[in-house]
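S.K.: My questions all concern the structure below.
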Amino acid sequence: MTPRAVKDIMTKKLVTFQPDMHVRAAIDSLLKHKISGAPVVDENGNLIGVLSEIDCMPTIIQDSYYSDSGGSVRDFMSTDVTTVSPEMGIVDLAELFLKKHFRRLPVVDNDMLVGQVSRRDVLKAIQST
């Protein structure tokens, strides 16, 4: 079967964060899993934000200037998140990646996080055809 939609190439097992998690624990998780960001979900699995490496940079400044070692993920996450549907075609996805320069995008169905798709997933799909 040739992959045609996001649902065919997305990753379903994800590292996710809770909004009340301490940002230092989230940073540890990013480093442990060698990832540059992860979705933030509420108790129902609804996507409410994304925490990326760049979102964590202010913790260094806080610690340096104010001896404050962070806060919760909620304090640092990005909430203006671009998402894609599992039904989106991979050609449209590739065009979106070209236009927006995202590394990865959360896949959402009815506000619920169902996966994540990356530029690498698109490349793998192209290579397998």
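The values are calculated or read from the model by the stated rules, or taken from the named source; none is laboratory data. Here the structure is a predicted model, which is why all the values come from computation and not from measurement. Cβ atoms come from the backbone with ideal geometry, glycine included; neighbour counts cover every protein chain shown.
S.K.: I need the full set of residues from the range 10-30 which are of a type in the set (D, E, K, R) and more than 23 Å from Thr83 (Cα to Cα), in order please.
M.R.: Scanning the range 10-30 gives Arg24, Asp28.
S.K.: Within the range 90-104, which residues are out of contact with any helix residue (DSSP H, G or I) (no Cβ under 9 Å at 6 or more places or on another chain) and closer than 25 Å to Glu53 by Cβ?
M.R.: Within the range 90-104, Leu96, Leu98, Lys99, Lys100, His101 qualify.
S.K.: Residues that are more than 18 Å from Met10 (Cα to Cα): which strands (runs of 3 or more DSSP E) entirely in the range 20-129 hold 3 or more of them?
M.R.: Filter on the range 20-129 gives 47-52.
S.K.: Does at least one position in the range 105-112 carry a residue that is touching a Lys or Arg at 6+ places or on another chain (Cβ under 9 Å) and more than 19 Å from Ile48 (Cβ to Cβ)?
M.R.: Within the range 105-112 (the criterion being touching a Lys or Arg at 6+ places or on another chain (Cβ under 9 Å) and more than 19 Å from Ile48 (Cβ to Cβ)), the answer is no, since none of the residues qualifies.
S.K.: Continuing with the same structure: Name the pairs: first residue in the range 91-110 and in contact (Cβ under 8 Å) with a residue 24 or more places away in the chain and over 22 Å from Phe17 (Cβ atoms), second residue surrounded by 12 or more Cβ atoms within 10 Å (Cβ to Cβ) and charged (D, E, K, R), Cβ to Cβ under 7 Å, at least 6 apart or on different chains?
M.R.: Partner pairs satisfying both residue conditions: Phe97/Arg119.
S.K.: Take the residues in the range 18-47 that are within 11 Å of the chain's Cα centre (by Cα) and among the β-branched types (Val, Ile, Thr), then tell me which one is farthest from Arg103 (Cα to Cα).
M.R.: Only one residue tops the list, namely Val41.
S.K.: Next question, about the same structure. Within the range 113-125, track down each residue that is under 18 Å from Ser52 (Cα atoms) and among the small types (Gly, Ala, Ser).
M.R.: Gly115, Ser118
S.K.: Within the range 22-32, is even one residue at pLDDT 95 or above, touching a strand residue (DSSP E or B) at 6+ places or on another chain (Cβ under 7 Å) and of a type in the set (D, E, K, R)?
M.R.: No, the range 22-32 contains no residue that is at pLDDT 95 or above, touching a strand residue (DSSP E or B) at 6+ places or on another chain (Cβ under 7 Å) and of a type in the set (D, E, K, R).
S.K.: Can I ask one more? Restricting to the range 77-89, what's the tally of residues that are surrounded by 15 or more Cβ atoms within 10 Å (Cβ to Cβ), touching a helix residue (DSSP H, G or I) at 6+ places or on another chain (Cβ under 7 Å) and closer than 19 Å to Gln18 by Cβ?
M.R.: 1
S.K.: Please determine, by comparing only the residues of the range 43-60 that are under 17 Å from Arg24 (Cα atoms) and of a type in the set (Val, Ile, Thr), which one is surrounded by the most Cβ atoms within 10 Å (Cβ to Cβ).
M.R.: It comes out as Val50.
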